[in-house]
Amino acid sequence: MDERAFRDAMGKFTTGITIVSLKDKSGNRLGMTVNAFMSISLQPQLIAISIGENASMHPQLLETNTLGISILSEEQKDISMIFSKQKEKDREIPFIDIDGTPVIEDSLATLTCTVKKSIKAGDHTIFIAEVDHLNVNEGNPILYFGGNYRTIEKE
């Protein structure tokens, strides 16, 4: 199967956009845009993210046991673009720390998680993490479909 055809087919699945964040060994806040995110279990409360082995943050994710997830709102498209390197960083990223784990302020939802398991899957690693803390805010999500950002049409 052609890789481009596979990418195009997967692009037909609409996803939300998250920022996965952590503090490295030096205490620097790192983040990356991730749309391969899902809930796994209610008891215990587990989520999963899938990260390509070539991603710049992959080594730090393998070394950490805590990470943050920020589910972005439609007003936070530029933050996603900065972390996905589609746009130059033109301002400070509005990180806040929850129990020492960085998340993006004013996101639709923020979660801090403890990594429980990592599984190699092809050229990616799937990280399964237990949710330790969460916050939820009102608003609409930024979506990703067909290689483009989208918003929910308001009725």
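Please verify whether T15 is β-branched (V, I, T), modelled with pLDDT under 95 and surrounded by 11 or more Cβ atoms within 10 Å (Cβ to Cβ), treating the condition exactly as stated. Quick ask: steps written out before the conclusion?
On the way: β-branched (V, I, T): yes; modelled with pLDDT under 95: yes; surrounded by 11 or more Cβ atoms within 10 Å (Cβ to Cβ): yes.
Judged against the criteria, T15 is a match.
What tally of residues in segment 67-105 results from selecting those that are hydroxyl-bearing (S, T, Y) and touching a Gly at 6+ places or on another chain (Cβ under 9 Å)? So that I can check it myself, show each step before the final result.
So the first thing to find is which residues in segment 67-105 are hydroxyl-bearing (S, T, Y), and the list is 70, 73, 80, 84, 101.
Remaining after also requiring touching a Gly at 6+ places or on another chain (Cβ under 9 Å): 70, 73, 101.
Number satisfying all stated conditions: 3.
The rows are residues; the columns are (1) in contact with a Phe, Trp or Tyr (Cβ under 6 Å, 6 or more places away or on another chain); (2) more than 21 Å from N28 (Cα to Cα); (3) modelled with pLDDT of 95 or more; (4) surrounded by 12 or more Cβ atoms within 10 Å (Cβ to Cβ).
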| residue | (1), (2), (3), (4) |
| --- | --- |
| P59 | no, no, yes, no |
| T66 | no, no, yes, yes |
| R91 | no, no, no, no |
| F95 | no, no, yes, yes |
| K117 | no, yes, yes, no |
| T125 | no, yes, yes, yes |
| I128 | no, yes, yes, yes |
| T151 | no, yes, no, yes |
Exercise. Identify, by number, the condition in (1) part of a loop (DSSP other than H, G, I, E, B); (2) more than 18 Å from A55 (Cβ to Cβ) that I93 doesn't meet.
Key: (2)
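Residue-wise test of (1) more than 26 Å from F6 (Cβ to Cβ); (2) in contact with a Cys (Cβ under 8 Å, 6 or more places away or on another chain); (3) among the hydrophobic types (A, V, I, L, M, F, W, C).
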site: Q60; (1), (2), (3): yes, no, no
site: L67; (1), (2), (3): yes, yes, yes
site: S84; (1), (2), (3): no, no, no
site: I98; (1), (2), (3): yes, no, yes
site: L108; (1), (2), (3): yes, no, yes
site: A121; (1), (2), (3): no, no, yes
site: L134; (1), (2), (3): yes, no, yes
site: E138; (1), (2), (3): yes, no, no
site: I142; (1), (2), (3): no, no, yes
Practice problem: Please state which of the following conditions D106 fails to meet, knowing it meets all the rest: (1) on the phi < 0 side of the Ramachandran plot; (2) outside any strand (DSSP E or B); (3) acidic (D, E). | Solution: (1)
Quiz item: Just one of I69, I51, I79 is closer than 21 Å to K23 by Cβ and in contact with a His (Cβ under 6 Å, 6 or more places away or on another chain); which is it?
Solution: I51
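Where residues in segment 36-56 are hydroxyl-bearing (S, T, Y) and in a strand (DSSP E or B), which of them is nearest to G11 (Cα to Cα)? Break it down stepwise before answering.
In the first step, residues of segment 36-56 are kept if they are hydroxyl-bearing (S, T, Y); the result is 39, 41, 50, 56.
Remaining after also requiring in a strand (DSSP E or B): 39, 41, 50.
On the way: S39: 20, S41: 25, S50: 16 Å.
For segment 36-56, the residue satisfying everything is S50.
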Exercise. Give the number of residues within segment 111-155 that are under 16 Å from the mean Cα position of the chain (by Cα), more than 13 Å from I47 (Cα to Cα) and of a type in the set (G, A, S).
Key: 0
Quiz item: What pairs can you find where one residue is in segment 133-155 and free of Cβ contacts under 8 Å to residues at least 40 places away in the same chain, the other is in a strand (DSSP E or B) and polar (S, T, N, Q), and their Cβ atoms are less than 6 Å apart, with a gap of 6+ or different chains?
Solution: H133/T112; N135/T110
Exercise. For segment 116-144, enumerate the residues that are assigned to a strand (DSSP E or B), polar (S, T, N, Q) and closer than 26 Å to S73 by Cβ.
Key: N135
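The values are calculated or read from the model by the stated rules, or taken from the named source; none is laboratory data. All of these numbers come straight from a predicted model, not from anything done at the bench. FYI the Cβ positions are ideal-geometry reconstructions off the backbone, even for glycines, and counts take in every protein chain you see.
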